[in-house]
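One structure is given here, and the rest of the page talks about it.
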Amino acid sequence: MKNLTKSIEGAMDLYPEAVRPVERSEVWSFLESKIREVMHRYGYSEIRTPILEYTSLIARGVGQNTDIVSKEMFTLERGRHSYVLRPEMTAPIMRSYIQHHLHQKPGVQRYFYMGPCFRAERPQKGRYRQFHQFGAEIIGTDDPRADAEIMTLMSEIFELFGISNQRLRINTLGDSDARSRYRDALVNYLTPFKEKLSQTSQDRLSRNPLRILDTKIEAEQTILEHAPLISEYISKDSLDNYELVKGFLTAVNIPFIEDPMLVRGLDYYCHTAFELEVDGIGAQNALAGGGRYDLLAPEIGAKHPIGAVGFAAGMERLILALNDCEEDLPCGPFTFEIWVIAIGESAHAAAFHVATQLRRSRFRVGMELGNRSLKAQMRLANHHKARYTILLGDQEIINETAIVKDMNTSEEESVDLIHIVKRITELLSHVSTSS
RNA sequence: GUGACCGUAGCUCAGGUGGUUAGAGCGCCAGGUUGUGGCCCUGGAGGUCGGGGGUUCAAGUCCCCUCGGUCACCCCA
C-alpha cells in the first residue's frame, strides 16, 4: 500500500518555519515581493497563464527534438485532447500575446511572471519535478537595447540578493539562415569523427548537432577545438547587432564572458543567448538563462516573426544560492504586536471581541484558542515576540477593564475596555517612533 | 532513463563484530508560582527503527525485494 501522507517525488511542500530555506514559505513570499518590486521599477507587468497548455503548443514552440519535449513532459489525455503541465513559460506567454492581440497595445510590451513549471526529470540538487520559474519578457521589438535591458534586469535582481559571484556568459546564435548553414558545416566537420563520439552525440549529429557543442566529455571537447565557429557563419547585420548588445552591457557596467560554445536547449532561440551561473549550488549551476526568440511566434501560428527577448530563472536555485547568507532570509515564528489572553471561559467572549476590534484597527493580533493556562498563554505571547499582552479574567470582566502588559518592561496597567483600541494605538505609535 | 550513497522521536543525530523494556540534545506538554512569559529545576507525551519478505534461539543491526530521499550522469531554471 502506497504511503498516502507523502508528497510525490521531486515536489515539495512550502510551510512556515521549515528547516531548509527552500521549503520555508516565509522565504518564498519575501523573495517574491522583492522580485516584484524590481520588476515594477523596470516597468514590467505581471502576466499569468494557465498551468495546463495544449501539448502541441509546447511541442511546436519549444521544439520536437529538445529533451524537454521528447522526454520530460507530464502529459494528460482527456477526450480528444492532449494537455501538458507547462515545462517553461515563454511559449505560453507568446501564445497569450498573440491570442489577445497584445501587439495592439501602445509601445513594446514588458511582462514578468513567476509560478510553477513541471519536468519529469530525476530530482537532484537544484532540480525538481515541480519547480518555480520567474522571469521577464520584452515582446514587440528587435532593438538590441531590449536584450541588454533583460540582462541588466536579471543581473540586478541577483545582485539585490547579494549574489556577487555570478557569471554572465553570452553568445550569438545568428538567424535561422546562419544556423542552418552552420549546422551543415558542423555536421560535415564532425562526420569523420563519428566513431569517436558518444552515443548521445552520434544521435544528436543527425537530430540536433548544435547541442554537441556544450558536451562535457573531454575527448569530444578536443575534437571540437578545431570545429568551425558559429561566428564565421553569422551575417554582418547579426554581428553588428551583437556588438551593440555588448556595448550597452558595458555601458551600464554589467560584466559578461563571451562564450562561442554557448548554445541553448530550446529551439526557439536566435541571435542573443545567455546564461547566468554561480558556484556552490551543486551541479545545476545555472541560476538563469534566456535569449532572443523572434521565430517563436511564426512557429506557433503568427504570420510574421515578432521580436522578443527574455530570461527565466529558477526560484529554488536562487534560494540555494542564498543559503550561505541565511541570516538575510526570514526565519523564526510569526510575530505579533499584541497577544490577547483570556483567563477562564467567562472571558472568552470579551477576549474575542477585543482581539477582533484590534485586528480591524490594523494591528497584528494573536490569541490562543481553547482553554490553556495563563502561564501557557504567556509563553505563547513570548514565543511570538508580542510587544504587549492584554489579559482578561473574571475580575476584569466585572470591572469592564483589561490589563495591558508591556512585555519588555513587565509593567502593567488597567485600561477600560471601551478605551482599549485608543490606548493600544497610543502605546504602539510611541514604540514605532521611538525605535 | 543510468549509477552511487542513505532512510532510527516533530527537528538534528547516537545506537563496534546480531543479544534485556531503542537513547541524547533541541522542540512540544505539564508542574515548581490557587491570575503572569523569557532563565533555571522536575516530570511527561511522542518511535510498527520507511514498508514487505527471508536467515537466526534472537534483527534497528545480516540478505533480498519494494517505496522514498540525497547526490551525480544527462539536461536545464
### Query
Which shape class, rounded, prolate or oblate, goes with the stretch A:338-429 when its Cα gyration tensor gives a ≥ b ≥ c as root eigenvalues, a/c under 1.5 marks rounded, and past that a/b bigger than b/c marks prolate?
rounded
### Full-stretch length increase - residue A:413, residue A:364 - with 0.36 nm per residue and alpha-carbon distance subtracted
15.6 nm
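Mean separation of Cα pairs under 8 Å and 6+ residues apart, divided by the residue count of chain A: what relative contact order is that in percent?
Working: 704 pairs, mean separation 65.9, N = 435.
Reported relative contact order: 15 percent.
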### Query
Most exposed first by the Cβ proxy, i.e. fewest other Cβ within 10 Å, how do A:334, A:363 rank?
A:334, A:363
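About the Cα centre of chain A, how large is the charge dipole given +1 on each Lys and Arg Cβ and -1 on each Asp and Glu Cβ? Please answer in debye to the nearest 20. Could you put the intermediate results ahead of the total?
On the way: 51 positive and 59 negative charges, 249 e Å.
Here the size comes out at about 1200 debye.
Quick one: work out the % antiparallel among DSSP beta bridges in the stretch A:338-429, nearest 5. Kindly include the intermediate steps, with their values, before the conclusion.
Values: 9 of 17 bridges.
Around 55 percent of the beta bridges assigned by DSSP in the stretch A:338-429 are antiparallel ones.
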### Summary
Label model pair residue A:331, residue A:159: point-to-point distance (7 angstrom along the Cα→beta-carbon line) in nm is 2.8 nm
### Task
Please say if chain A is rounded, prolate or oblate, where rounded means a/c under 1.5 for a ≥ b ≥ c the square roots of the C-alpha gyration tensor eigenvalues, and otherwise the choice is prolate for a/b larger than b/c and oblate otherwise?
prolate
### Query
Between residue A:80 and residue A:125, what FRET efficiency comes out of the Förster formula 1/(1 + (r/R0)^6) with R0 = 30 Å and r the beta carbon distance, rounded to 0.05?
0.15
#### Entry: Contact order normalised by residue count of the stretch A:1-156, Cα under 8 Å, 6+ apart, percent
22 percent
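Dipole magnitude of the stretch A:338-429 about its Cα centre, charges +1 at Lys/Arg Cβ and -1 at Asp/Glu Cβ only, in debye to the nearest 20? Working shown, then result.
Numbers: 12 positive and 11 negative charges, 119 e Å.
Around 580 debye, computed over the stretch A:338-429.
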## Note on the structure
Ranking A:66, A:101, A:56 by how far each Cα lies towards the positive end of the charge dipole of the stretch A:36-105 (+1 on Lys and Arg Cβ, -1 on Asp and Glu Cβ), the top one is A:101
### Query
Put +1 on the Cβ of each Lys and Arg and -1 on the Cβ of each Asp and Glu in the stretch A:338-429; which of A:346, A:399, A:367 then has its Cα farthest toward the positive end of the dipole?
A:367
### Query
Any idea what the dipole of the stretch A:229-291 comes to, in debye rounded to 20, about its Cα centre with Lys/Arg Cβ at +1 and Asp/Glu Cβ at -1?
100 debye
## Note on the structure
Checked against the positive end of the charge dipole of chain A (+1 on Cβ of Lys and Arg, -1 on Cβ of Asp and Glu, about the Cα centre), the farthest of A:172, A:197, A:150 is A:197
### Query
Quick one: A:160, A:296, fewest Cβ neighbours within 10 Å first, how do they rank?
A:160, A:296
### Query
Gain in length, residue A:243 to residue A:284, computed as 0.36 nm per residue apart minus the alpha-carbon separation, to one decimal in nm?
11.8 nm
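Restricting to Cα pairs below 8 Å that are 6+ residues apart, what does the relative contact order work out to for the stretch A:338-429? Please round to a whole percent. Provide the component values of the computation, followed by the final result.
Working: 128 pairs, mean separation 27.3, N = 92.
RCO, the stretch A:338-429: 30 percent.
Kindly provide the trypsin sites (Lys or Arg not before Pro) of the stretch A:278-353 that DSSP labels as loop, not H, G, I, E or B, and whose Cβ sees at most 12 other Cβ atoms within 10 Å.
On the way: sites: A:292, A:303, A:317; in loops: A:303.
Sparse-neighbourhood loop trypsin sites (Lys or Arg not before Pro): A:303.
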### Query
Which order results if A:98, A:390 are arranged by neighbouring Cβ count within 10 Å, fewest first?
A:98, A:390
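My understanding is that a pair violates if its Cα-Cα distance is over 24 Å; which of A:194/A:236; A:71/A:125; A:34/A:405; A:105/A:303; A:385/A:422 do that in this structure? If you can, show how the numbers build up before the last one.
On the way: A:194/A:236 32 Å; A:71/A:125 20 Å; A:34/A:405 35 Å; A:105/A:303 18 Å; A:385/A:422 22 Å.
Among A:194/A:236; A:71/A:125; A:34/A:405; A:105/A:303; A:385/A:422, the Cα-Cα distance tops 24 Å for A:194/A:236; A:34/A:405.
For the stretch A:1-73, state which trypsin sites (Lys or Arg not before Pro) are in a DSSP loop and have at most 16 other beta carbons lying within 10 Å of their beta carbon.
A:2, A:6, A:48
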### Task
Within the stretch A:311-368, list the GluC sites (Glu not before Pro) lying in a DSSP loop whose Cβ has at most 15 other Cβ atoms in a 10 Å radius.
none
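Values quoted throughout were computed directly from the atomic coordinates according to the rules given, and no laboratory measurement underlies them. Quantities reported herein were computed from a predicted structural model and do not represent experimental measurements. Cβ coordinates were reconstructed from backbone atoms using ideal geometry, including for glycine residues, and neighbour counts include every protein chain displayed.
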